[in-house]
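The values are calculated or read from the model by the stated rules, or taken from the named source; none is laboratory data. None of the values given here were measured: they were computed from a predicted structure. Neighbour counts are summed over all protein chains in view; Cβ atoms, including those assigned to glycine, are modelled from backbone coordinates with ideal geometry.
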Amino acid sequence: MPKESPILVGLEIGTSKICAAIGEENERGEFTLLGIGQARSHGVRKGEIIDQARAQEDVRAALGNAEEQAQVTVRNLFLGVTGRHVEGFNNVGMHPVASDDRLVTAQDVADAADNAKAITLPAEHTILHTIRQRICVDGVEVADNPAGRLGRKVEAHVHVIHGNALRIQNSMRLVQSLSIEVNQPVFNGLADAQAVLTPEDKENGALVIDIGGGSTEFVFQQGQAIRQSGVFAIGGDHVSNDIALGLKLNIGVAERLKIRHGSAVVGAESHGRTVPIGDNEVGLPPREVSLEQLHRIMSVRLQELLELVAERCADGCLLDEARAGVFLSGGCSLIPGIDTLAKRVFRLPVTRATCRNIAGNSATLAHPEFATAIGIARYGGMRLRNRPRPRFSFRDVFPFFR
Ligand SMILES: Nc1ncnc2c1ncn2[C@@H]1O[C@H](COP(=O)(O)OP(=O)(O)O)[C@@H](O)[C@H]1O
Ligand SMILES: [Mg+2]
């Protein structure tokens, strides 16, 4: 008998796999995962849909699996968004205190926050999230609600995440074509942080990096604020490509080699060792490849990727504030040695992420590839709890589509 209680559904349309997570929240906001469904992804490159029809089939399959496991029928969901077009940046909005007696009002704060959103975005881009970082009155940071204080000027510091409206709309249309409503598009990186960080990690400051097949998302969260975020259109597929090119293998063999014998660091134990490969798919006789060379190729690409993230967090010495350290998720966080490599790059403690503070099947929650979909569903719960909007309004996200 299908459940009729409100359910929370997160959908990640990834480059390697489509993943749907179904959960529910109790009145205390505790999240339980009821089901997870996945399907291999065929219509997505670098996090963006390139074949609508194939992606639709894969989404249908992933949702079907999750529905079966959770024993529910999905009618609406929160949709993950990623891709090179998604960008995050910090902005400050100001507003003079309007009243003659210089008493700050809630309206002054709201006006300052609105001004922070009034930014020039790239053509056809739309804001996905505006997250308040802190409020200052006359340059001094104040608590969340400074109404009642005296001052001359209110400043709202915000983090804005925006993306190409047409590409976001493409993913939304795909879901809608299955007669399922999209409550809200959610940046994948933001969702990851909700799945893998505890409230203590957030308080201490944490950098979450999700390395998937075709893209890598990162988010730096401190308290309720997002300090930095972004996407690189680089992931595990690029690692496999490098292996294929460097060792002259076909891509399928390179992918398997990466998963069976891969490492993100070149250790002394790989020196002089080889692994056999049955390169039957291209009709070549079996041969051996150098383990050291394999690890070196992987290490170069992964280090470059992690350094790109570190560079983006260099502004304002953000990494010095990551007291909880770095959390790695996504399929590539399973690569042996990636935590050692990340420690070298960031000079911070590194954790391979799992979903935390979530009830449900523990084996499923330990899978870092599921963190995004689960985080999207959880973000959905927080969203509905904090601002009950039954349905995402198209105009909110696409203001120029009036
Ligand atoms: N055990 C593993 N060891 C190394 N790499 C892995 C492992 N499992 C998955 N991967 C890699 O992780 C990537 C897929 O990660 P995932 O988070 O599922 O991707 P996406 O979200 O882009 O669909 C692929 O490049 C895959 O080869
Ligand atoms: Mg992913």
Which of the residues belonging to the stretch 14-37 are in a strand (DSSP E or B), away from ligand 2 (no atom under 16 Å from the Cβ) and of a type outside the set (A, V, I, L, M, F, W, C)? GLY23, GLU24, GLU25, THR32, GLY35
Inter-residue pairs, beta-carbon under 8 Å, first farther than 22 Å from HIS159 by Cα and modelled with pLDDT of 90 or more and in the stretch 95-115, second assigned to a helix (DSSP H, G or I) and not small (Gly, Ala, Ser), 6+ apart: VAL97/ASP108
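Scan the stretch 185-200 residue by residue and report those that are away from ligand 2 (no atom under 16 Å from the Cβ) and buried (at least 23 other Cβ atoms within 10 Å of the Cβ).
Passing the criteria: only LEU197.
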Given the criteria without any contact (Cβ under 8 Å) to a residue 60 or more places away in the chain and farther than 26 Å from THR354 by Cβ, does GLY246 qualify? yes
Quick check on my filter: what residues within the stretch 51-68 are in a helix (DSSP H, G or I), acidic (Asp, Glu) and under 19 Å from ASN170 (Cα atoms)? GLU57, ASP58
Quick test of your reading of the structure: ASN65 fulfils all but one of (1) within 19 Å of THR15 (Cα to Cα); (2) touching a Lys or Arg at 6+ places or on another chain (Cβ under 8 Å); (3) not aliphatic (A, V, I, L, M). Name the failing condition by number. (2)
Considering each residue of the stretch 207-226, count those that are within 12 Å of LEU190 (Cα to Cα) and either buried (at least 24 other Cβ atoms within 10 Å of the Cβ) or touching a Ser or Thr at 6+ places or on another chain (Cβ under 6 Å) (or both), and give that number. 10
Among the residues of the stretch 111-123, is any closer than 30 Å to SER215 by Cα and in contact with a helix residue (DSSP H, G or I) (Cβ under 7 Å, 6 or more places away or on another chain)? no
List the helices (runs of 4 or more DSSP H) that sit entirely inside the stretch 299-402 and contain at least 2 residues that are in contact with a helix residue (DSSP H, G or I) (Cβ under 7 Å, 6 or more places away or on another chain) and either small (Gly, Ala, Ser) or modelled with pLDDT of 95 or more (or both). 338-346, 371-386
Only residues in the stretch 353-369 that are more than 22 Å from ALA206 (Cα to Cα) count as the first member; pair them with residues that are within 15 Å of ligand 1 (Cβ to nearest atom) and part of a loop (DSSP other than H, G, I, E, B), Cβ under 8 angstrom, at least 6 apart or cross-chain, and list the lot. none
Answer yes if at least one residue in the stretch 205-224 is assigned to a strand (DSSP E or B) and farther than 22 Å from ASP339 by Cα, and no otherwise. no
Enumeration of residues in the stretch 261-283 that are out of contact with any strand residue (DSSP E or B) (no Cβ under 8 Å at 6 or more places or on another chain) and modelled with pLDDT under 90: GLY278, ASN280, GLU281, VAL282, GLY283
Among the residues listed as GLY230, GLY205, the single one being at pLDDT 95 or above, in the same structural domain as SER333 (by TED's automatic domain parsing) and under 15 Å from the mean Cα position of the chain (by Cα): GLY230
Condition met for ASP237 (within 16 Å of ligand 2 (Cβ to nearest atom) and either over 25 Å from the mean Cα position of the chain (by Cα) or part of a strand (DSSP E or B) (or both)): no
Filtering the stretch 90-104 down to residues that are buried (at least 16 other Cβ atoms within 10 Å of the Cβ) and closer than 16 Å to ARG134 by Cα yields ASN90, ASN91, GLY93, HIS95, VAL104
I'd like to know if the stretch 153-161 contains one or more residues that are over 23 Å from VAL104 (Cα atoms), touching a residue at least 24 places away in the same chain (Cβ under 8 Å) and not hydroxyl-bearing (Ser, Thr, Tyr). yes
Looking for whichever is away from ligand 2 (no atom under 16 Å from the Cβ) and either more than 27 Å from GLY189 (Cβ to Cβ) or surrounded by 14 or more Cβ atoms within 10 Å (Cβ to Cβ) (or both) here; the options are ALA53, ALA118, ALA62, ALA110. Which one fits? ALA53
